[in-house]
Amino acid sequence: MSTRVRSVIRVEGVVQGVGFRPFVYGLAVRLGLGGLVGNDERGVFIEVEGAPALVAEFTAALRTSPPPLATVERVSARAVPVTGETRFAIARSTEGGTRRALVSPDVATCDDCLREMDDPADRRYGYAFVNCTNCGPRFTIVRDVPYDRPNTTMAGFAMCADCAREYHDPADRRFHAQPVCCPACGPRLRLLGRDGEPLAGDPVEEAVRLLRDGGVLAVKGLGGYHLAALASRESAVAALRARKHRQEKPFAVMVADLAGARSLCEVDEVEERLLTSGARPIVLLHGREEAASRVAPSVAPAVASPASATASTASQGTASSGTSQVAASETSPLAASTGVSGETPAEASGASEGLWLGVMLPYTPLHHLLLRRLGEPVVLTSGNVSDEPIAYRDEDALTRLRGVADAFLVHDRPIHTRTDDSVLRVLRGRELPLRRSRGYAPRPLPLALGLPRPVLACGAELKHTFCVARGTHAFVSHHIGDLENYETFRSFTEGVEHFLRLFDVVPEVVAHDLHPEYMSTKYALALEGADLVGVQHHHAHIASCLADNGVTGPVIGVAFDGLGYGPDATLWGGEFLVADLVSFERAGHLATVPMPGGAAAVRQPWRMAAACLDVAYGGAVPDDLDVVRRNAESWDGVLALGRRGVNAPLTSSAGRLFDAVASVAGVRDVIGYEGQAAIEWEQLADPVEKGHYGHRLTGSSPFVVHGADLVAAIAEDVRAGTETGTVSARFHTTVARIVAEGCARVRETSGLSTVALSGGVFQNALLLVRAAALLEEDGFHVLTHGQVPPNDGGISLGQAAVAAARDNHR
Amino acid sequence: MAHGAGGKATQSLIEAIFLESFRNPLLEPLEDGAVFGAGTERLALTTDSYVVSPLFFPGGNIGDLAVNGTVNDLAVCGARPLYLSAGFILEEGFPVGDLRRVVASMAVAAEVAGVQIVTGDTKVVQRGKADGCYVNTAGVGLIERPGALGVAGARPGDAVIVSGPIGEHGVTIMLARGELDIEADLISDTAPLNGLVAALLDACPEAVRCMRDATRGGVATILNEIARASGVAVVVEEDAVPVRQAVRGACELLGIDPLYVACEGRLVAVVDGAVVDTALAALRAHPLGEGAALVGRIGEDPPGLVLLKTGFGGTRIVDLLVGDPLPRIC
Ligand SMILES: [Fe+3]
Ligand SMILES: [Mg+2]
Ligand SMILES: [Zn+2]
Ligand SMILES: [Zn+2]
């Protein structure tokens, strides 16, 4: 008999609830090895015994061919004396010790499960909760660790004999799949009426009928309730908008499959991979011309023309304009902004970049059942009213969505953690997250620098996330939302408690923004027993981009966003920094302008137009400008606020510059949702136009970019009757040139040639692509985001990275 | 700025410096006035300094403001205001005619409120060392009713009432500075509240938990003090808060929230929820309480927070401002 060896192996990473033990079992049996495998709080432990070559092959396979959902981060092995064991067994889970096992994100239904669902002979035929080790709910149903059924919201469902057999059979695809269930023992669908009364008939069948009849259906999904309506039915989508009090923000659409996506939008390879990935995010895609006939106008209301900007100002305060609504119902906005019909300036130029449409594929068995029977796309939007967070508790949903939904398609598997759909777009051949949530959270992101002490990073205020980090892992939370809303704030505080428990972290360092009024800052300052680390907002943006790319700097950081608190108590947002993870210096910035009325100047971009024009024209703004005429009633009052500094904080924000020019160009004077003016401004740009405006950078350390000049240049161009699409393209190119020149200046003094682009403004495809191209032409290495959003959703990761780096420096 | 003052920054200054040095049981609750025994009587004592600019504004001037403010601070302690002192710090060159007008207004205000100004002091400082005229008033009142009123007295189930439309004083002052090209038909709400308070206490003596005049930091700041001191939630219905159209319009242009704007003649009262109709009727029967409204309720959860139910059914946190309100949105 040849020599034998025995190894104790530990595997860490996302290795629980992902079919890792059956995989190990199968591997050992195939290689004829003895030993055992088990789960504990740190991950998977294995003892394996046999011929040295086979044990080596076994160990290598753990890394090279793990199950699809697993993320193996570390495999460590040590030799122990042989015992002569020849059989391989699966050990029971142990408890105690530290809880280092990682909870997996939720995963879209796998093909094997779909086949069963479609097979009339299968006992899960047509079952809306089919799942297995390779797919199904995870993060959204976990109450505690270790990841075992009693610690999930499946605890209340006792497995039937058939399910139990699958669950305990190491050879079965459902071995230790915690949410395993079937029609005999698992969750059930119900259809409830407007007032929560049970409705007769097959729930899916009746729900489909309701949608076909133009109704609005509330559907309980993985991380919360959605509201659904037939995407092609204008009256249904318009009703949904009216009842949700959501006037203009585009809705996402769910299509049955990839072909469905292609019938509406252009889909490239990267986009296809994202759409069909287990995470199933909403992917922003370019709408095709044909989409106009398949998607109702109200799905994504038209980009406003200068004429409708006028109309919306006439009824100031109401974000939507009657004019644009009427126009929209006559000619589809998809057609309009892709240049099919001929009324708005965008069409007149005939060369718009086109409309972006948010598209996703089904990710639960219920979605598949609905979409297949329906046979056409549905609008699927978060189940909430206005700015409220998405409803996820049954009772709450029935109360809050009363009067919004005509019926509720519900089930009895509780959702533990509210988790919104993730949103991505693809730029420069790479994914750019806009919202990282379902399907991604709480997968850990590796930190280049290990953490001496565990960190809680409290994040920003809007698009909020928090981050818990220890060792080399950063657990960025799911999307929390806008903290000023109390329900959302509670999701934050409860979410923190949940994460600390799940990942066994007692934070010794708490990182926070410097803005004294952020709810997250106040939360951090009220915590006791941890060291506080204040991280400047834009330093956090750049640090998040560094962490996202696994580097530590130093770099030239360009942080362009809406607003962030600066150490000088002005609001920053158009910043050139020299930064590493520990510290930063402000190397340049946009010139400050007043924000007349503070937050009102964010909601009403025309106020920024007024402030910038006032600066640019030295107090003598030509009163024949359209923007002045449209806002004549309040123009002088707003100018006075800015000049006197009455509720007019100074800002160097790039986002406000975009707002100002969008208003001057007549695109939007008042916004209905965050970033609307800039988003519409981008979509109007004529891709053929190659011109640009001049720009002025003066001074040094820090240099100043005179943004108001650019606003005046645009005012003159608009006055001269230049097409809006041309003006937009020139503006975007100019800002890209400013970015490039600013970086070139900083390179001269710092010697740095790597640039990190971060901040919400870099969600703008046109700007990001053009700026990156100019920088690369000039020999820069450009870092952009790929794992966390460039917007404030990425701030918590940046804060954690900075806190960790400073802790390493102590 | 008018609406920023009185926020958390001021509060931590008070706590860090004054409370640390002066600490005693009477000061500790940080109410508008102190209540103490003298012989068989219970007295309330309060003081306030006035530095308003401009000195003269639609609806009043620094003089009647100084009298009404101190009268109100006594009244909300449950005291009947009796005697006031008046101290003046004058900038060299301040017109005597203006001083006469200020003092005359004080005499009228004292008369209306039924108090006497019984002692005083005057200092003149060099030109540039003061802004024309500052006034300090202190006041003593007699507490004739049993029971304690205080911001710590709110309980779940109680009702929150304001005595009239809010924000008029603060907006009037901002506009009266003449720097803004904004016209609005507004006058300050400055008024003595002792009569109104007496009417409320007469109507439901047992049921009033606490009262405050919503001065610096506005109604939002007062409600936060109540939520924190009482360990309760204050839930306000946005649509129920009375705001005059002129104030709303000016606030919209200024970009400020009326909830944080100062009033000088508006009462915020927390009363037993069971008697809210009686309380409202009593207030509305008084000329200064015609616009009284039930604006919210005291709840249990979340303790220490003020929540605003918005028109769309949303729930916004109305927090104590740390300083001037900088935008949090981006
Ligand atoms: Fe930001
Ligand atoms: Mg006072
Ligand atoms: Zn499956
Ligand atoms: Zn079963």
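The values are calculated or read from the model by the stated rules, or taken from the named source; none is laboratory data. Small disclaimer: the values here were computed from a predicted structure and weren't measured. When we count neighbours, we look across all protein chains shown, and the Cβ atoms used for this are built from the backbone with ideal geometry, even at glycine.
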- Item | Flag if B:Arg80 is of a type in the set (Lys, Arg), outside the structural domain of B:Val162 (by TED's automatic domain parsing) and either within 16 Å of ligand 1 (Cβ to nearest atom) or more than 30 Å from B:Ala246 (Cβ to Cβ) (or both) | yes
- Message: Of all residues being touching a residue at least 24 places away in the same chain (Cβ under 8 Å) and over 17 Å from A:Gly794 (Cβ atoms) in the range A:566-579, which is surrounded by the most Cβ atoms within 10 Å (Cβ to Cβ)? Just the residue, please.
- Response: A:Gly574
- Query: Can you tell which of A:Ala291, A:Ala261 is in the same structural domain as A:Ala397 (by TED's automatic domain parsing), crowded, with 18+ Cβ neighbours inside 10 Å, over 26 Å from A:Val410 (Cα atoms) and at pLDDT below 95?
  - Reply: A:Ala291
- Which one of A:Asp169, A:Asp162 is away from ligand 4 (no atom under 13 Å from the Cβ) and more than 27 Å from A:Phe499 (Cα to Cα)? A:Asp169
- Query: B:Ile143: in contact (Cβ under 8 Å) with a residue 60 or more places away in the chain and not acidic (Asp, Glu), yes or no?
  - Reply: yes
- Out of curiosity, is A:Ile556 within 25 Å of A:Pro702 (Cβ to Cβ) and either out of contact with any Ser or Thr (no Cβ under 7 Å at 6 or more places or on another chain) or more than 13 Å from every other protein chain (Cβ to nearest Cβ) (or both)? yes
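One line per residue, one yes/no per condition, for (1) touching a residue at least 40 places away in the same chain (Cβ under 8 Å); (2) surrounded by 18 or more Cβ atoms within 10 Å (Cβ to Cβ); (3) within 16 Å of ligand 2 (Cβ to nearest atom):
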| site | (1), (2), (3) |
| --- | --- |
| B:Ser12 | no, no, no |
| B:Ala16 | no, no, no |
| B:Gly39 | no, no, no |
| B:Thr47 | yes, no, yes |
| B:Pro81 | yes, yes, yes |
| B:Pro95 | no, no, no |
- Task: Name the single residue, out of those in the range A:634-665 being within 10 Å of chain B (Cβ to nearest Cβ) and assigned to a loop (DSSP other than H, G, I, E, B), that is nearest to A:Pro596 (Cα to Cα).
- Result: A:Ala648
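Residues are listed down the side, and each one gets a yes or a no for (1) on the phi > 0 side of the Ramachandran plot; (2) within 11 Å of chain B (Cβ to nearest Cβ); (3) out of contact with any strand residue (DSSP E or B) (no Cβ under 8 Å at 6 or more places or on another chain):
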position: A:Glu484; (1), (2), (3): no, yes, no
position: A:Arg490; (1), (2), (3): no, yes, yes
position: A:Phe499; (1), (2), (3): no, no, no
position: A:Val509; (1), (2), (3): no, no, no
position: A:His512; (1), (2), (3): no, no, no
position: A:Pro516; (1), (2), (3): no, yes, no
position: A:Ala526; (1), (2), (3): no, yes, yes
position: A:Ala530; (1), (2), (3): no, no, no
position: A:Val533; (1), (2), (3): no, no, no
- Task: Looking at (1) without any contact (Cβ under 8 Å) to a residue 12 or more places away in the chain; (2) over 23 Å from A:Gly32 (Cβ atoms); (3) away from ligand 4 (no atom under 16 Å from the Cβ), find the lone condition where A:Arg92 falls short.
- Result: (1)
- Among the listed residues B:Arg177, B:Arg155, which satisfies the condition of being basic (Lys, Arg), modelled with pLDDT of 95 or more, surrounded by fewer than 20 Cβ atoms within 10 Å (Cβ to Cβ) and not assigned by TED's automatic domain parsing to the domain that holds B:Tyr50? B:Arg155
- For the range A:391-402, how many residues meet the condition of being away from chain B (no Cβ under 13 Å) and either assigned to a loop (DSSP other than H, G, I, E, B) or aromatic (Phe, Trp, Tyr) (or both)? 2
- Query: Could you list, in sequence order, the residues of the range B:192-213 that are under 15 Å from B:Leu74 (Cα atoms) and touching a Pro at 6+ places or on another chain (Cβ under 9 Å)?
  - Reply: B:Pro192, B:Asn194, B:Gly195, B:Leu196
- Message: Checking the condition in contact with a Gly (Cβ under 6 Å, 6 or more places away or on another chain), closer than 19 Å to B:Ala198 by Cβ, in a helix (DSSP H, G or I) and hydrophobic (A, V, I, L, M, F, W, C), which residue from B:Leu283, B:Leu259 passes?
- Response: B:Leu283
- Quick one: which residue in B:Arg80, B:Arg101 is within 20 Å of B:Arg177 (Cβ to Cβ), more than 16 Å from ligand 3 (Cβ to nearest atom) and among the basic types (Lys, Arg)? B:Arg101
- Item | Among (1) within 14 Å of chain A (Cβ to nearest Cβ); (2) not in a strand (DSSP E or B), the one test that B:Ile222 misses | (1)
- What pairs come up if the first residue lies in the range A:482-504 and is in contact (Cβ under 8 Å) with a residue 40 or more places away in the chain, the second is assigned to a helix (DSSP H, G or I) and among the β-branched types (Val, Ile, Thr), and their beta carbons are under 8 Å apart, counting only those six or more places apart or on different chains? A:Asp482/A:Thr488
- Going through (1) away from chain B (no Cβ under 14 Å); (2) free of Cβ contacts under 8 Å to residues at least 60 places away in the same chain one by one, A:Leu409 fails only at (2)
- Query: Within the range B:263-286, is even one residue at pLDDT 95 or above, more than 18 Å from the chain's Cα centre (by Cα), within 30 Å of A:Gly459 (Cα to Cα) and not aromatic (Phe, Trp, Tyr)?
  - Reply: no
- Flag if A:Val48 is farther than 25 Å from A:Asp169 by Cβ and buried (at least 20 other Cβ atoms within 10 Å of the Cβ): no
- Flagged pairs (Cβ under 8 angstrom, 6 or more apart or on separate chains; first in the range A:228-246, buried (at least 22 other Cβ atoms within 10 Å of the Cβ); second basic (Lys, Arg)) are A:Leu230/A:Arg212; A:Ala231/A:Arg294
- Cβ-Cβ below 8 Å, separation at least six or inter-chain, first residue in the range A:691-713 and free of Cβ contacts under 8 Å to residues at least 40 places away in the same chain and hydrophobic (A, V, I, L, M, F, W, C), second in a loop (DSSP other than H, G, I, E, B) and surrounded by fewer than 18 Cβ atoms within 10 Å (Cβ to Cβ): which pairs? A:Ala713/A:Gly694
- Message: Testing B:Asp319 on (1) under 17 Å from A:Thr488 (Cα atoms); (2) more than 14 Å from every other protein chain (Cβ to nearest Cβ), one condition comes back false. Which one is that?
- Response: (2)
- Message: Condition first: surrounded by 23 or more Cβ atoms within 10 Å (Cβ to Cβ) and outside the structural domain of A:Phe658 (by TED's automatic domain parsing). Can you find one or more residues in the range A:525-535 that meet it?
- Response: yes
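Per-residue answers, yes or no, for (1) within 30 Å of B:Val322 (Cβ to Cβ); (2) under 17 Å from the mean Cα position of the chain (by Cα):
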position: A:Arg425; (1), (2): no, yes
position: A:Arg435; (1), (2): yes, yes
position: A:Pro444; (1), (2): no, yes
position: A:Val455; (1), (2): yes, no
position: A:His464; (1), (2): yes, yes
position: A:Ser491; (1), (2): yes, yes
position: A:Glu494; (1), (2): yes, no
position: A:Val506; (1), (2): yes, no
position: A:Leu514; (1), (2): yes, no
- Task: Please specify each residue of the range A:110-139 satisfying the condition of being more than 16 Å from ligand 4 (Cβ to nearest atom) and more than 18 Å from A:Leu189 (Cα to Cα).
- Result: A:Cys110, A:Asp111, A:Asp112, A:Arg115, A:Asp119, A:Pro120, A:Ala121, A:Asn134, A:Cys135, A:Arg138, A:Phe139
